[in-house]
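**Q** Sharing a structure with you now.
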Amino acid sequence: DGKIYFVKIHAPWEVLITYAEVLNIKVPIKENDIPSTVENPLDCMLAPLRLPEKVMHPEPDYFTAPFSKDKQELYLINDENTFFSPSMRNRIVNYILTRCPYGTEEGKKKFGIKRLLNNGTYTAAYPLHDCQYWKKANDPHCDNERYTLYMEWARFLRFYKEQPLDLIRKYYGEKIGIYFAWLGFYTEMLFLAAVVGLMCFLYGLFTMDENMSSKEICDSAIGGEIIMCPLCDRECDYWRLNTTCESSQYSHLFDNVATLFFAIFMGIWVTLFLEFWKRRQARLKYEWDLVDFEEEQQQLQLRPEYEAKCTQKKKNPVTQEMEPYLPITSQAVRFCVSGTTVLFWVSLIIASMIAVIVYRLAVYAAFASLMENTQTLQPIRGLLTPQLATSVTASCLNFVIIMILNFLYERIAIWITDMEIPRTHMEYENRLTMKMFLFQFVNYYSSCFYVAFFKGKFVGYPGAYTYMFNRWRNEECDPAGCLIELTTQLTIVMAGKQIWGNIQEAIVPWICNWWGRRKARNNPENLYSRWEQDHDLQTFGALGLFYEYLEMVIQFGFITLFVASFPLAPLLALMNNILEIRVDSWKLTTQYRRPVAAKAHSIGVWQEILNGMAILSVVTNAFIVAFTSDMIPRLVYYYAYYENEDSPMSGYINNSLSVFQISDFPDRNKPKLNPENLVICRLVYRDYRYPPDHERRYLHSMQFWHILAAKLAFIIIMEHVVFIIKFFVAWMIPDVPADVKAKIKREKYLTQKILHEYELEKLKERL
């Protein structure tokens, strides 16, 4: 168009071999002679899930060694044009461009393509895709890897097929390859958790009619005769317990004995997942030549921004070379500003959560009054209790606030991490990850923690209710328990996040590209070149993978931290992830410019975050079973307080709802009307207090303390049992498979032997 100019950069052989040595790139020296592992007897059954061998393993397996320019005859160089893979070539070119000087300003050297991109000298810098994704290139020498990836991997109809990880690694580099390997492995492991969770849910469904608590609530002779105290002050009326019949039946779906089994199972599942992933990662590390990568990553990935901004230099004690550094005083000031900013934003989330709680308390009274005094809600009144109506609307409001705060904080987190000037790329990513994860953790999970551990726990009793800010009466749980509300909260936030995430990831880039290409679509293909087509695509960016990991780790928290309240969470996550793999692969292959290849030997700091969440999940699920579900009070009643030996659970509802004498209501709480001249009412939530005619009236009874002791004992026992099993399983499973250890040793031995023989030959020639 006469406005945009393209500069195509090519790296000739001499440049490639020079920088291959600088970057310590490993190249083939000999074909792998270790026989492959024994055939899996289930291979014939898994055949429909397999991809063609050429797609799965585009290159033979080689023993490799770091490249050396002086020893080229050592390596298996058949063709100089194809010896370095496209991902290696674009990594080398990017390394040169990020460090290339182009001028001076006030005595300081200016260098790096990133600075030129920031100041608008260039609008973009990207490696080219090798062909169109929907058809092969005309060039017979082109590998058409993008086309193969699209046809075999990036289409949703291939959702049941394995992923071509070696081809992904070859085309996009190890960092993107290891993300898809982790996501695929996580999805496979979710299948087991989803099946067990579904079985626990079906158990709750099939035993719903046998649940004695909901039977008594629904019975007009029991629940229909129990008069409940008003749900709010002054405006609300007395009501009958059997109006919550349907919600109490549905709460049994999630609050049953299978909940305990599933909470323990998930504590063990998460350990198996993390331990087997370490083994899978170790295998990939070997296969992708990343065994000795850690040291070189620290040395090579000094950020150009760090070099540009740090004017002072000091001698490196290892290399004995002068290198830039940031003084301690400057670091301390930057960390203080950074820490204060993070604390401020976390405080903002907590403030927004308190605002949502205030909303809950304010509308709870309105819903309670509305639902008692109107006939228009009759068709859904049995299911939609004031507690549930408040919970649903508050969850939706909370989800909107979460998304707004996320949008704002992402930009703040990047800004403060840039301000800290981390030394290496790895340091930069780790610091940004910790900031973003801390924020997202508080943002997404705070509302679930409130419902699980605080709601309905500090209510008081009629005449001595607890008020927030001395104005709003604290919320009470449904007579069937708080677990159904935690399930509602979890479902809305988790499902909402997943739906919104997929819309953002797939539809937004597609619309942007469609709009960007609107003028070029009418041009013939020979005038719309490969680089122009790629220029019209979206940029994946250095933080593209970071957001993908963050999304999955937040989801991992939902299916582990609160899974005791919602056994179907792993099934929801499994269905989302099957879609997620194909959406991510589709957008990367069709909607984004080809990212610069980068190396990574693991999922990085995310591994530590997952380990931390796995340990925390045992504690949270133990507390949910003990304090949020109704299991422990039922067990205590069953074994210690039953009234009927033939049916130990009968009478439980009557036993668990404390009695209050209406004449003891203070004016602030007393309902305006009492048309039936009622004398007593029952507390809405599980509470064990002495009756009005007792000398210790309205104080907690001995049964309350027995239940509290049982809850604390249960938490200690469950935590210890699950932790012992977890650590035993982790100890039993080695991190590196035996055959991988043998291959690593064989490769080191062989490399040393070949190098030794080569040096001997050279010495003989000289002599």
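The values are calculated or read from the model by the stated rules, or taken from the named source; none is laboratory data. Not measured: the values here are computed from a predicted model. Note: ideal-geometry Cβ built from the backbone for every residue, glycine included; neighbour counts use all protein chains shown. Note: accessible area is taken over every heavy atom of the protein model, side chains too, but ligands, DNA and RNA are not part of it. Shrake-Rupley method; radii C 1.70, N 1.55, O 1.52, S 1.80 Å.
**Q** For segment 636-687, what is the accessible area per residue in Å², given a 1.4 Å probe and the full set of protein chains?
**A** Value for segment 636-687: 55 Å² per residue.
**Q** For segment 457-503, rounded, prolate or oblate, judged on the Cα gyration tensor with a ≥ b ≥ c (square roots of eigenvalues), a/c < 1.5 rounded, else prolate if a/b > b/c?
**A** Oblate.
**Q** Taking a probe of 1.4 Å, how large is the accessible area per residue of segment 123-191, in Å²?
**A** Spelled out: the 1.4 Å probe surface of segment 123-191, per residue, equals 43 Å².
**Q** Something else now. Once the cut-off is 18 Å, how many percent of the Cα-Cα pairs in segment 656-767 end up in the long-distance tail?
**A** Roughly 75 percent, rounded to a whole number.
**Q** Please sort by residue number the trypsin sites (Lys or Arg not before Pro) in segment 118-164 whose DSSP state is loop and whose Cβ has at most 12 other Cβ atoms within 10 Å.
**A** Of the trypsin sites (Lys or Arg not before Pro), the ones in loops of segment 118-164 whose Cβ has at most 12 other Cβ atoms within 10 Å are Lys135.
**Q** Still on this structure, please answer the following. Pull up all non-local amide H partners of Asn32: gap of 5 or more, or a different chain, and H-to-H distance under 5 Å with H placed in the peptide plane.
**A** Amide H neighbours of Asn32, under 5 Å, 5+ apart: Asp61, Tyr62, Phe63.
**Q** If you average the alpha carbon positions of segment 92-153 and of segment 615-683, how far apart do those two centres end up, in angstrom?
**A** What the calculation gives is 66 Å, centre to centre.
**Q** Normalise the Cα radius of gyration of segment 98-231 by 2.2 N^0.38 Å (N = residues in it) and let me know the number.
**A** Ratio of Rg to 2.2 N^0.38 Å for segment 98-231: 2.13.
**Q** Taking +1 at the Cβ of each Lys and Arg and -1 at the Cβ of each Asp and Glu, which of Ala65, Tyr95, Tyr75 sits farthest along the dipole of segment 49-120 towards its positive end, judged by Cα position relative to the Cα centre?
**A** Positive-end residue among those listed: Tyr95.
**Q** What list of whole percents do you get for P(r) of segment 654-722, with Cα-Cα distances grouped in 10 Å bins up to the one holding the largest distance?
**A** Going from the shortest bin to the longest, the percentages are 18, 37, 24, 13, 7, 1.
**Q** Can I ask one more? Taking the Cα centre of segment 389-477 as the origin and placing charges on Cβ (Lys, Arg +1; Asp, Glu -1), which of Phe407, Val442, Thr393 is farthest toward the positive end of the dipole?
**A** Most positive-ward Cα: Thr393.
**Q** Tabulate in residue order the Karplus-calculated ³J(HN,Hα) for segment 218-233, using 6.51 cos²θ - 1.76 cosθ + 1.60 with θ = phi - 60°, rounded to whole Hz; enter x for Gly and Pro.
**A** Each residue of segment 218-233 in turn: 7, 5, 5, 7, 10, x, x, 9, 8, 8, 9, 5, x, 7, 9, 7 Hz.
**Q** Nearest 0.05, what FRET efficiency do Ile733 and Ala47 give at R0 = 22 Å with Cβ-Cβ as r?
**A** 0.20
**Q** Now for a separate question. Pulled fully out, how much extra length does the chain show between Glu761 and Met575, if you take 0.36 nm times their separation in residues and subtract their Cα-Cα distance?
**A** 61.0 nm
**Q** In Å, what is the Rg of the alpha-carbon atoms in segment 130-180, and how long is Dmax?
**A** 11.4, 32
**Q** Just the number please: accessible area per residue for segment 508-634, 1.4 Å probe, all protein chains included, in Å².
**A** Result: 33 Å² per residue.
**Q** So between Leu635 and Asn654, what do we pick up on full extension, going 0.36 nm a residue minus the alpha carbon distance?
**A** 5.3 nm
**Q** Given the Cα-Cα distance of Cys396 and Phe453 and 0.36 nm per residue of separation, how much length would full extension add, in nm?
**A** 18.5 nm
**Q** Leaving out ligands, DNA and RNA, and with a 1.4 Å probe, what % of the accessible surface on the chain is carbon or sulfur?
**A** About 61 percent, which is the carbon plus sulfur part of the accessible surface.
**Q** With a 10 Å radius around each residue's Cβ, average the other Cβ atoms per peptide and rank 45-55, 263-273, highest first.
**A** 263-273, 45-55
**Q** May I ask for the Kirkwood hydrodynamic radius of segment 510-613, worked out over all distinct Cα pairs and given in angstroms to one decimal?
**A** After inverting the pairwise mean of 1/r, the radius is 16.6 Å.
**Q** Also, quick follow-up: Going toward the positive end of the dipole of the chain, with +1 on Lys and Arg Cβ and -1 on Asp and Glu Cβ, which of Gly339, Asn654, Cys477 do you reach last?
**A** After comparing all options, I get Gly339.
**Q** Cα-based Rg (one decimal) and Dmax (whole number) for segment 404-529, in Å?
**A** According to the Cα coordinates of segment 404-529, Rg and Dmax are 23.6, 83 Å.
**Q** Rank-order 397-403, 409-415, 561-567 by packing density, defined as the average count of other C-beta atoms within 10 Å over each peptide's residues, highest first.
**A** 561-567, 397-403, 409-415
**Q** Around Ile680, which amide H atoms from residues at least 5 apart in sequence, or from another chain, sit under 5 Å from its own amide H, with H modelled in the peptide plane?
**A** Under 5 Å from the amide H of Ile680: Ile662.
**Q** How large is ³J(HN,Hα), in whole Hz, for each residue of segment 589-597 in order, when computed from phi with the Karplus curve 6.51 cos²θ - 1.76 cosθ + 1.60 and θ = phi - 60°, using x for Gly and Pro?
**A** So the Karplus estimates, Gly and Pro as x, are 7, 10, 10, 10, 4, 5, x, 5, 5 Hz.
**Q** Quick one: which of 213-220, 9-16 comes out on top by average Cβ neighbours within 10 Å, and what's the full order, highest first?
**A** Result, highest mean first: 213-220, 9-16.
**Q** So I have [x] 409; [y] 171; [z] 225, and one of them is volume of the Cα convex hull per residue in Å³ calculated from this model. Which one is it?
**A** [z]
**Q** Long-range amide H contacts for Ala598: which residues qualify at under 5 Å (H placed 1.01 Å from N, peptide plane, sequence gap of 5 or more or a different chain)?
**A** Those lying under 5 Å, H to H, from Ala598 are Glu174, Lys175, Ile176.
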